[in-house]
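The values are calculated or read from the model by the stated rules, or taken from the named source; none is laboratory data. Every value quoted in this text rests on a predicted model; they were computed, and no experiment measured them. We place every Cβ from the backbone using ideal geometry, glycine too, and count neighbours over all the protein chains shown.
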Amino acid sequence: MAGTLPDDRELAMQILAELRAPRVAAAFACGGLLALAGALMQTLFRNPLAEPYLLGVSGGAGLLALLGMAAGLAWPWVSALAFAGSLLALALAAALGGRLLARDHTPLLLAGVMLAAGFGALIALVLSVTPAERLPGMLFFLMGDLAWTSQPALLWAALLLAVAAALALSRRLDVLQLSPLKAASLGVAVAPTRWALFALAGACTALVVAQAGSIGFVGLMVPHALRKLGFAGHRVLLPVCALAGGSLLVLADALARTVIEPRELPVGVLTALLGVPMMLWLLRKP
Amino acid sequence: MSLTIQHLSLHTGTRTLVDSLDLALEPGEVLGILGANGAGKSTLLTVLAGLAAPAHGRVTLDGQPLDALPPLTRAQHIGLLPQGDEGGFFGSVADFVALGHFPFGGPAPDLATHLATWELADLANRPLDTLSGGERQRARLAQLAVQAPRIALLDEPLTHLDPAHQARLLAWARSEADAGHSVVLTLHDPNWAACHCDRLLFLHGNGRWQLGTPADLLTPDSLEALYGPGTAALWRQNGRAQPV
């Protein structure tokens, strides 16, 4: 017994340092980035139901990632393809719907929704012609799974940079909640600020999707819930979103790994299972 | 010297709304703009605020072309109350009103005073979207008052307000003018226009415009020409209105 303890301890420490800690760190950064992106999208579209995947980012990422998986590519390539797919979706949304962004965000919103629908159909097509043995990996990617994340340092650097950039915009974002005309009359350059929001929210989302697939609900629920709880000013809302989103995803991932041990659930399933009741409870608040 | 408009023309599609308008807005005056729906009143205010370019002509503030001013500098001098649309604002009434100070940076001074002036003190912590239409309009006006522009452009500011608050708004416009500021407002009621405006601008929506004092312009014939048949009778019936 005495002889085995150090080995167990060593193994446990090794598991903690090499597997668990990086995964927890990655989960926190992913959750923070998604919640931050959600808050930015809700301000961009002046709508509390906006979320990071509204512009087809998850669809674009999913389609290219699935094509990569179908071709038998290794994860780093699939991840790179997912990132490229996200950027492709954003570029298409901007090109098709961004012309009037200074005055009206509806065309961008419609372009994004249409792209998401189009990518969704193509994803369904890929899934329907893929051999059954490849399907589980694809489904985990589409539902969001942190088992693939390999670069927590990159995600953390992105989170810190994104929070700093969002904070630099925060006062303008408060004003941007007003109508574009009113915001412009108060001295905000509406079009450049909206494009900055679009780019920042898009970059945060694309990075997470490339690392962990399309983890749902965090980006919608966390900012929405925090606004309902009274966090209105962006200077406080945005960093609190990053903290709460990160915490929620760490909790969801811990549960995803443990509830049906030794098997793992996709973390996206847990974020929804945790988030839906919380959201419904919040909606009952007057 | 204040806001000056030279040879300004406004178009919508192929239609000319305003043709070659010349106007120098004086400090200390309340200018009322009257015209039928779609005559170009809101478009003109947007151009005067420096937020849209006219088809022809130029607008200058103290001799400087408006489009050459940095947005924040412009917002420190010119305020606009557009017709309401606050669908995306998630915060409280106090947060909303305080945004009027954005062009100057830092927290809004005298916020409590402005909230009290517009009878919003009891509503200050309520979410904006729970307010009635009239209360929300008062919040917009309080936001503009916090901005304290020396040129205030108000697009149909009487909308949603009950008569007492309409009178209070017009009294506020007068007090702004007395403080040396200029107030431009679009409105529809010729009686209010007669009582509270120093000058009136009639926009006929076909390029034609008239500028003059209420005594010069407010006649049954001119109102019929502006709004169409039936409006002259309305003016005579309401001719009894007195300044508040």
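Any residue in region B:22-35 that is farther than 30 Å from residue A:237 by Cβ, free of Cβ contacts under 8 Å to residues at least 12 places away in the same chain and either polar (S, T, N, Q) or crowded, with 23+ Cβ neighbours inside 10 Å (or both)?
To start, the set of residues in region B:22-35 that are farther than 30 Å from residue A:237 by Cβ comprises B:22-35.
Adding the requirement that they be free of Cβ contacts under 8 Å to residues at least 12 places away in the same chain leaves none.
No, region B:22-35 contains no residue that is farther than 30 Å from residue A:237 by Cβ, free of Cβ contacts under 8 Å to residues at least 12 places away in the same chain and either polar (S, T, N, Q) or crowded, with 23+ Cβ neighbours inside 10 Å (or both).
Filtering region A:127-135 for residues that are among the hydrophobic types (A, V, I, L, M, F, W, C), farther than 30 Å from residue B:44 by Cβ and in contact (Cβ under 8 Å) with a residue 60 or more places away in the chain leaves a non-empty set.
Checking B:152, B:98, B:75, B:68 one by one, the residue that is at pLDDT 95 or above, of a type in the set (Gly, Ala, Ser) and over 17 Å from residue B:181 (Cα atoms) is B:98 and no other.
State whether one or more residues within region B:46-67 are within 14 Å of chain A (Cβ to nearest Cβ) and β-branched (Val, Ile, Thr). Checking region B:46-67: at least one residue is within 14 Å of chain A (Cβ to nearest Cβ) and β-branched (Val, Ile, Thr). For the condition touching a Lys or Arg at 6+ places or on another chain (Cβ under 9 Å), touching a residue at least 60 places away in the same chain (Cβ under 8 Å), closer than 30 Å to residue B:76 by Cβ and not acidic (Asp, Glu), residue A:235 qualifies. Pairs linking a residue in region A:24-49 that is more than 9 Å from chain B (Cβ to nearest Cβ) to a residue that is outside any helix (DSSP H, G or I) and not aliphatic (A, V, I, L, M), with Cβ atoms under 6 Å and 6 or more positions apart or on different chains, are A:26/A:149; A:38/A:51.
Taking region A:146-188, which residues are outside any helix (DSSP H, G or I), within 12 Å of another protein chain (Cβ to nearest Cβ) and surrounded by fewer than 23 Cβ atoms within 10 Å (Cβ to Cβ)? If you could, list the steps in order and put the result at the bottom.
Restricting attention to region A:146-188, the residues satisfying the condition of being outside any helix (DSSP H, G or I) are A:149-151, A:177-179, A:186-188.
Checking which are within 12 Å of another protein chain (Cβ to nearest Cβ) leaves us with A:177-179, A:186-188.
Once the filter is applied, which keeps residues that are outside any helix (DSSP H, G or I), within 12 Å of another protein chain (Cβ to nearest Cβ) and surrounded by fewer than 23 Cβ atoms within 10 Å (Cβ to Cβ), region A:146-188 yields A:179, A:187.
Selection within region A:73-106: residues that are without any contact (Cβ under 8 Å) to a residue 40 or more places away in the chain and in contact with a Pro (Cβ under 9 Å, 6 or more places away or on another chain). The member of this set that is farthest from residue A:44 (Cα to Cα) is A:96. A single member of B:95, B:19 is within 12 Å of another protein chain (Cβ to nearest Cβ), over 25 Å from residue A:100 (Cα atoms), of a type in the set (D, E, K, R) and surrounded by 14 or more Cβ atoms within 10 Å (Cβ to Cβ), and it is B:95. Taking region B:1-108 as the region of interest, the helices (runs of 4 or more DSSP H) fully inside it that hold 2 or more residues being among the hydrophobic types (A, V, I, L, M, F, W, C) and under 17 Å from the mean Cα position of the chain (by Cα) are B:41-48. Residue-level check: of (1) within 14 Å of another protein chain (Cβ to nearest Cβ); (2) at pLDDT 95 or above, residue B:120 misses just (1).
This table checks each residue for (1) closer than 20 Å to residue B:114 by Cβ; (2) away from chain A (no Cβ under 14 Å); (3) buried (at least 19 other Cβ atoms within 10 Å of the Cβ); (4) not hydroxyl-bearing (Ser, Thr, Tyr).
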residue: B:135; (1), (2), (3), (4): yes, yes, yes, yes
residue: B:139; (1), (2), (3), (4): yes, no, yes, yes
residue: B:158; (1), (2), (3), (4): yes, yes, yes, yes
residue: B:177; (1), (2), (3), (4): yes, yes, yes, yes
residue: B:198; (1), (2), (3), (4): no, yes, no, yes
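Among the residues of region A:62-84, is any surrounded by fewer than 24 Cβ atoms within 10 Å (Cβ to Cβ), modelled with pLDDT under 90, over 22 Å from residue A:220 (Cα atoms) and within 14 Å of another protein chain (Cβ to nearest Cβ)? No, that holds for no residue.
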